[in-house]
Amino acid sequence: MLHACTDASACLNRRPGSMPSKGETDPLFLDGSASGMIPGVSILTILFNGVALTASIIALVTSAVFALRQSRLMRHANQIPIMIDLFNQVRSPEFVRKERHLWAALSNESDPRLGFQGMSDDMHDSAYSVYAYYQMVAFLVAFGVLDKRLAILPLHYRVVKTWSTVKSYVYAERDLRGDKYSFLNFFEDFALTCERESSEEVYLYVRNQALERRHLFRRGSNSSIAAKVYQLAGDSENNESLDSTGDDKL
């Protein structure tokens, strides 16, 4: 009959795989068998492996979370130069003049049934400059280069008004081409999205996103990029409006 090892220190210090004394079982093995006769699984080995595996999983999950967060921060940071360039164009006096001319004079100068082909050269030039710009923004949003709400916030009113002005001409132009997917489809999708989105909800979303990422702009920063963002966003408040909420919970 086999007896358990009575000397705990001797059992723990004995090298795994060595022969226990005659009549003893090795408590370090689950099957209660003598390690030198029938191979068993060491409890300490299982514990060590479990701890190592748990630590590896925690490290992997932590790394993935930080990598995802960093990727999101970089993506939003990379959108800033794009937005600055887009806003510079849409706020230029020439673009504003052409868009206002399109709103005011299009319905009086050409027949919608003739599409864009029936416009005068001057009107066509204004229409082309405006719809080509919004089509480009729509492409950037559709392919995920530009955040949808970030694009909608400054353009919401103008996109909706421009689309309501030209949509009958767009539909007629598609009919003349014989293909309903041949002309300004992405612009239409973007305009309809703007119509569905609430200006208040879009503003609150973008503001919360800016506050969450306020560390991208140092407290009280006077950097040219930060100043340009505030200016282009049309915010009459200075950057203290964001810094003042630095300790608030969102």
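Taking packing as the residue-averaged number of other Cβ atoms within 10 angstrom, the listed peptides 109-116, 126-133 run from highest to lowest as 126-133, 109-116.
Derived from the Cα gyration tensor, the three semi-axes of the equivalent ellipsoid of the stretch 103-153 are 28, 11, 9 Å, largest first. Sorting the segments 92-102, 51-61 by their mean number of nearby beta carbons within 10 angstrom, highest to lowest, gives 92-102, 51-61.
What number does the stretch 114-205 give for Rg over Rh if you use C-alpha atoms and the Kirkwood radius? Result: Rg/Rh = 1.00.
With all projection directions averaged, the alpha carbon convex hull of the stretch 79-137 covers 4.1 nm².
Every number in this text was worked out from the coordinates using simple rules, so none of it is lab data. Note that this is a predicted model, so its numbers are computed, not measured. Positions of Cβ are backbone-derived with ideal geometry, glycine not excepted, and every protein chain shown enters the neighbour counts.
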